[in-house]
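The next block holds one structure in the form of structure tokens; read it before the comments.
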Amino acid sequence: MNINLTLVGQTIMFAMFVWFCMKFIWPPLVEAMAARKKSIEDGLKAAELGKEEHALAQKNAEELIASTKNQAAEIIANADKQANVMIDNAKGVASEEADKIKVHAKSELDQEVVKARNELKNQVSTLVMQGVNSVLEKEVDVKAHKDMLSKLSQSL
Amino acid sequence: MASGELTSGAYIKHHLQNLTYGKFPDGHWGFANDALEAKEMGFMAFHVDTLGFSFVLGVLFLFLFAMAAKRASIEAPSGFQNFLESIIDFIDENVRGSFSGKNPMVAPLALTTFIWIILMNTMDLVPVDWLPSLAGAMGVHFLKVVPTTDPNATFGMSIGIFLLILYYSVKEKGLGGFVGELTLHPFGKWMLPFNLFLEGVNLLAKPVSLALRLFGNMYAGEMIFILIALLPFWIQWSLSLPWAIFHILIVLLQAFIFMTLVIVYMDMAHQKEH
């Protein structure tokens with residue numbers, strides 16, 4: 001328990017240890033810790049940023065999908081409308097055509113009827129002539145009666 | 001057990017005797033063979049055990065931390081590095097909390113005092129007879145294992161701290177400012193001698209209280225271990241185990257108190273306005 005030169009030795013030793021610690025131990029360890037802290041902070045920040053970007057992208061995508069849907073609906077509606085218009089047009093054209101055909105057919109039919117009637121008239125007049133001929137035999141002057149007959153056949 | 005006779009008094013005295021290498025009164029240097037010879041050597045002597053153990057422990061501290069510092073990894077710190085970093089963090093927090101100035105030396109100073117004192121104090125937990133008996137078997141008759149139970153070690157540290165206090169006081173406040181702080185405070189310049197006395201005591205009390213607190217606690221703890229070791233061997237554990245467990249607290253607490261006071265004293269030395 002005597003105080004002696006040990007005191008001086010201990011003081012010098014202490015000073016050396018503190019110097020060594022200050023020079024070679026404290027700075028690298030503290031720097032490493034600070035660097036790790038920074039890298040963790042950066043990582044967290046980046047993660048946060050990524051999250052935000054992801055949310056933004058999702059929102060954009062949703063908007064895009066919604067607008068695309070709208071567009072698609074619009075296109076479909078337009079197409080429907082156009083189709084209706086086309087159908088209406090077609091209907092018009094078709095009915096017109098049908099009318100035309102009907103009119104045409106009717107006129108043809110009328111012509112046929114006229115033709116048939118004329119033929120019938122002729123045939124009837126010939127028949128009448130033959131009948132008259134056979135009834136009157138020679139007493140009939142063909143030439144004289146021809147006009148009358150044809151008048152008759154006309155009136156039929 | 002150098003003397004061979006195992007009286008309690010001799011046992012205790014033997015355990016409290018440092019291994020002393022010094023200058024005998026007749027002029028030659030050598031190891032003291034008993035307490036009286038060690039005393040006669042006066043100041044010109046070394047406590048080889050104190051110097052040796054504290055040096056080995058200090059180098060152990062520096063080695064462990066230097067290894068961690070060299071391999072310090074930012075991405076994947078090892079468990080050991082994590083452990084040391086938690087200590088660094090603890091010290092850093094204390095320094096930030098108590099030290100307001102700017103000095104890159106204070107934190108390493110606090111770390112060194114904290115860990116070195118813990119290691120030296122921890123030697124107290126080695127059963128009191130192991131190392132001295134081992135040394136005795138190798139022909140070394142005295143061995144005091146715990147450096148902090150030697151006032152040379154604690155005063156050695158506190159004198160280092162005291163020199164730093166003086167150096168930074170003068171550096172930060174200027175010689176005039178430091179002298180003014182010692183003389184013009186707390187009662188103004190007409191009470192100058194009284195002020196000087198008060199502040200002088202205040203200043204000197206710092207290293208003395210630092211050293212004596214640590215020494216007293218560790219010396220008392222060591223003494224109790226020695227007294228417990230006097231009991232019959234089959235009952236020793238019932239006292240030494242609880243005391244050792246309690247002593248862990250003292251080991252850490254004394255180191256912490258020493259470190260905190262060092263930081264506070266350094267802060268006081270750096271404060272310009274008083």
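Computed from the coordinates by the stated procedures, all read-outs in this text should not be read as laboratory data. Since the model is a prediction, treat every value here as computed from it, not as a measurement. Cβ placement follows ideal geometry from the backbone for every residue including glycine, while neighbour counts extend to all protein chains displayed.
Overview of results
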| item | result |
| --- | --- |
| Order of A:44, B:231, B:203 under a 10 Å beta carbon neighbour criterion, fewest first | A:44, B:231, B:203 |
| Amide H partners (placed H, <5 Å) of residue B:231, local residues excluded | none |
| Ranked B:237, B:190, A:26, criterion: other C-beta atoms within 10 Å, fewest first | B:190, B:237, A:26 |
| Exposure proxy ranking, count of Cβ atoms within 10 Å, fewest first, for B:28, B:247 | B:28, B:247 |
| Counted charge near residue B:120, where neighbours are those whose Cβ lies closer than 14 Å (Asp, Glu -1; Lys, Arg +1) | -3 |
| Averaged over B:18-28, number of beta-carbon atoms from partner chains that fall within 10 Å | 1 |
| Gaussian network model of chain B, springs between alpha carbon atoms under 10 Å - residue of B:108, B:207, B:151 with greatest fluctuation | B:108 |
| For chain A: rounded, prolate or oblate by the Cα gyration tensor [a/c cutoff 1.5] | prolate |
| Qualifying trypsin sites (Lys or Arg not before Pro) in segment B:14-79, DSSP loop, other Cβ atoms within 10 Å at most 14 | B:71 |
| Net charge, residue B:153 excluded, C-beta distance under 15 Å - Lys, Arg +1, Asp, Glu -1 | -2 |
| Most mobile of B:69, B:229, B:35 in a GNM of chain B (Cα contacts under 10 Å) | B:69 |
| Choice from A:67, A:107, A:134 with maximal GNM fluctuation in chain A (Cα, 10 Å cutoff) | A:134 |
| Shielding by partners - mean other protein chain Cβ count within 10 Å, residues of A:56-65 | 0 |
| Average beta carbon contacts from partner chains per residue of B:41-47, 10 Å cutoff | 5 |
| Kyte-Doolittle at least -0.5, axis length at least 18 Å by Cα - qualifying DSSP helices, chain B | B:48-70, B:79-98, B:106-122, B:151-183, B:192-229, B:233-270 |
| Isotropic mean projected area of the C-alpha convex hull, the protein assembly as shown (nm²) | 57.1 |
| Hydrodynamic radius by Kirkwood, which averages 1/r over all alpha carbon pairs of chain B, in angstrom | 21.1 |
